[in-house]
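Undergrad: Attaching a single structure in C-alpha cells format; questions to follow.
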Amino acid sequence: YCFAESLVWQPEQGTQVLIIDRESGTYRFVEVEPFFTLHLANAWDEGDELVVDLCNYDDFTIMETLSEVVTGEVKHPAECYLERLRITGGTLTRERLCSTSMEFPRVVDEGWGTRRCRYFGTSWNGRAWLSAPMAFDLDSGECALTTMEAHQWAGEPVPVPKSGNADDDAWLLVTVLDTRAERSELWILDSENITAPIARAVLPQ
C-alpha cells in the first residue's frame, strides 16, 4: 500500500485548525466543519483576528484523483477553491473568495504574511486535471486565465516581482507540458495580462 491508501476520510470528526504562537510556543485548536486542504495561499493578522487564505477541498476525493491522473484516465475528478478563514478566539468563519478553481496558490515572496491584492495559481479550467495558469485580484474579484490548447498542461506559476514596479506586479514563470510535441516549455507571463505568454523557451527534457 502507498501512504495515501493508509488514510481514511472521516468527515464526522470535523476539521481542527492548529494555531501556534511562534514567540511563546503556546497553541490552540479551533474546530470547524470538515474540509481538506493541501496548500495555504497566505495568512496575516488583522487586529485580534487571524486571516488564513487556502485552497479548500470539500472532501478527500483529490487523493483518488492523484492516483488516477498518472494512469491517464481520471474517473474521480476533484477541484478546490480559494477560501478565507477568519479566526477570532475560538470562533472560525469560512468564505469562498473565487468561483474559479485554483491550486498551487502563490503571492510574491516578499508578500507572505501580509495582505496582498493578487494571488497566482493553476486552475482546472473545466478539464480533468490542472491545466491553466490564473491570476485572481482580491480587490476587484476578477479572475484571469491563460489560454491553453487541449494538449498543454501548466504547472505551478512562480511570481517574480518586476523591478521598480508595484509589489504585486510580477512576471510569472511556469513550466508547460506539451503532450503532442512530447516536450516541456518554460513560459513567461505578464501578471497584468496573462492571457498568452510573452516568451517561450523549449526545455531539453
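The values are calculated or read from the model by the stated rules, or taken from the named source; none is laboratory data. Worth saying up front: this structure is predicted, and the values here are computed from it rather than measured. Virtual Cβ from ideal backbone geometry, glycine too; neighbours counted across all protein chains shown. Quick note on the areas: whole protein, heavy atoms, side chains included, nothing else; ligands and nucleic acids left out. Shrake-Rupley method; radii C 1.70, N 1.55, O 1.52, S 1.80 Å.
Undergrad: Under unit Cβ charges (Lys, Arg +1; Asp, Glu -1), what dipole magnitude, rounded to 20 debye, does region 26-82 have relative to its Cα centre?
TA: 260
Undergrad: Another question about this same structure. Write out the cysteines belonging to the chain for which the nearest other cysteine Cβ is not under 4.7 Å, or none if no such cysteine exists.
TA: 2, 98, 117, 143
Undergrad: Could you tell me whether region 1-79 comes out rounded, prolate or oblate from its Cα gyration tensor? Rule is a ≥ b ≥ c as square roots of the eigenvalues, rounded for a/c under 1.5, then prolate if a/b exceeds b/c, otherwise oblate.
TA: prolate
Undergrad: Between 82, 92, 145, which gets the highest mean-square fluctuation from a Gaussian network model of the chain, Cα cutoff 10 Å?
TA: Looking only at 82, 92, 145, the largest GNM fluctuation is found for 92.
Undergrad: For the chain, modelled as a Gaussian network with Cα springs under 10 Å, which listed residue fluctuates most, 57, 27, 119?
TA: Answer for the Gaussian network model of the chain: 27.
Undergrad: Using unit Cβ charges (K, R positive; D, E negative) and no other charged atoms, how large, in debye to the nearest 20, is the dipole of region 58-204 about its Cα centre?
TA: Dipole of region 58-204, to the nearest 20 debye: 120 debye.
Undergrad: Can I ask one more? Go ahead and set up a Gaussian network model of the chain, Cα springs under 10 Å, then flag whichever of 90, 121, 113 fluctuates most.
TA: The residue that fluctuates most here is 90.
Undergrad: Accessible area per residue of the chain at 1.4 Å probe, in Å²?
TA: 56
Undergrad: Taking N as the number of residues in region 73-205, what is its alpha-carbon radius of gyration divided by 2.2 N^0.38 Å?
TA: Here the Cα radius of gyration is 1.12 times the empirical estimate.
Undergrad: Using alpha carbon centroids, what distance separates region 147-205 and region 58-132, in Å?
TA: 19
Undergrad: Inverting the mean 1/r over all pairs of different Cα atoms, compute the Kirkwood radius of region 1-159 and quote it in Å.
TA: Computed over Cα pairs of region 1-159, the Kirkwood hydrodynamic radius comes out at 17.0 Å.
Undergrad: Work out how much length residue 29 to residue 198 would gain on full extension: take 0.36 nm times their residue separation and subtract the Cα-Cα distance, in nm to one decimal.
TA: Extra length from residue 29 to residue 198 when fully extended: 56.3 nm.
Undergrad: Ignoring ligands, DNA and RNA, please state the percent of accessible area on the chain from carbon and sulfur, probe 1.4 Å. Each step should come with its number before you reach the end.
TA: Working: 5690 of 11540 Å².
The value for the chain is 49 percent carbon and sulfur by accessible area.
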